[in-house]
Amino acid sequence: MTRTRASLLIVLAAIGAVGGFLAQLALGALGAQKLLPEFTLAITLVLIAVIVVALAVPIRRATHGKVRRRVDPFYATRVVLLAKACAAAGALLTGAAAGMIAELLVRPVSAADAVWRMVAMLVASVLGLVAGLVAETLCIVPPDDDEKPSNGAAA
């Protein structure tokens, strides 16, 4: 598996920002209630971030600890995929929160409570993004000693 590229995360954040901004504008134009996340969303995103890192810590301990032990490759793969998904979702939600904050700030009506809720979502999304990248880094497994690189020779 390759590491998550920064370009992918930037593109996802940009898509989220444009989508969040346009969604709020469209809801306002239709006269519908705008999206207003609850603080429980931010709390849930932070809990998910903590769980993802907690799942990756045993892999790091098994591969880099004083007593090295074998890592279940299926578990490691699942944790890495979860970390990648957490980073991608964090980037998308970070962009969406930033777009929604931008839309709230350009409105002539003051909505201080809504801005604080969006800021909480933004901070929690950034934590999810960072947690995904940290968990992905914790899951790096050194190559086995019995695997020797071939010098271009056919097996």
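Where residues in segment 29-41 are of a type in the set (A, V, I, L, M, F, W, C) and without any contact (Cβ under 8 Å) to a residue 24 or more places away in the chain, which of them is most open to solvent (accessible area, probe 1.4 Å)?
Taking the candidates together, the pick is Leu30.
Residues considered: Val57, Val115, Val79, Val119. Of these, the only one that is in contact with a Cys (Cβ under 7 Å, 6 or more places away or on another chain) and part of a helix (DSSP H, G or I) is Val79.
How about segment 98-129: which of its residues are hydroxyl-bearing (Ser, Thr, Tyr) and open to solvent by 20 Å² or more (accessible area, probe 1.4 Å)? Step through it out loud before you land on a result.
Taking segment 98-129 first, the residues hydroxyl-bearing (Ser, Thr, Tyr) are 110, 125.
Matches in segment 98-129: Ser110 only.
Look at segment 99-122: where a residue is over 20 Å from Thr44 (Cα atoms) and at pLDDT below 85 and a partner is open to solvent by less than 40 Å² (accessible area, probe 1.4 Å) and not hydroxyl-bearing (Ser, Thr, Tyr), sitting 6+ places away or on another chain with Cβ atoms under 6 Å, you get Ala111/Leu104. Criterion applied to Gly90, Gly65 was being at pLDDT 95 or above and not hydrophobic (A, V, I, L, M, F, W, C), and the one residue passing it is Gly90.
Scanning segment 42-64 for residues that are open to solvent by 50 Å² or more (accessible area, probe 1.4 Å) and under 24 Å from Val126 (Cα atoms) turns up Ile43, Thr44, Val46, Leu47, Ile48, Val50, Ile51, Ala54, Leu55, Pro58, Arg60. Contact map, segment 60-86: first residue farther than 14 Å from Ala135 by Cβ and free of Cβ contacts under 8 Å to residues at least 60 places away in the same chain, second residue open to solvent by 100 Å² or more (accessible area, probe 1.4 Å) and of a type outside the set (A, V, I, L, M), Cβ cut-off under 7 Å, separation 6 or more or different chains; pairs are Ala62/Arg68; Ala62/Arg69. Scanning segment 1-28 for residues that are within 30 Å of Phe74 (Cα to Cα) and either open to solvent by 40 Å² or more (accessible area, probe 1.4 Å) or touching a Ser or Thr at 6+ places or on another chain (Cβ under 7 Å) (or both) yields Met1, Thr2, Arg3, Arg5, Ala6, Ser7, Leu8, Ile10, Val11, Ala13.
The values are calculated or read from the model by the stated rules, or taken from the named source; none is laboratory data. No experiment lies behind these values; they were computed from the predicted model shown. No Cβ is skipped: glycine too gets one built from the backbone with ideal geometry, and neighbour counts run over all protein chains shown. For accessibility, only protein heavy atoms count, side chains too; no ligands or nucleic acids. Shrake-Rupley method; radii C 1.70, N 1.55, O 1.52, S 1.80 Å.
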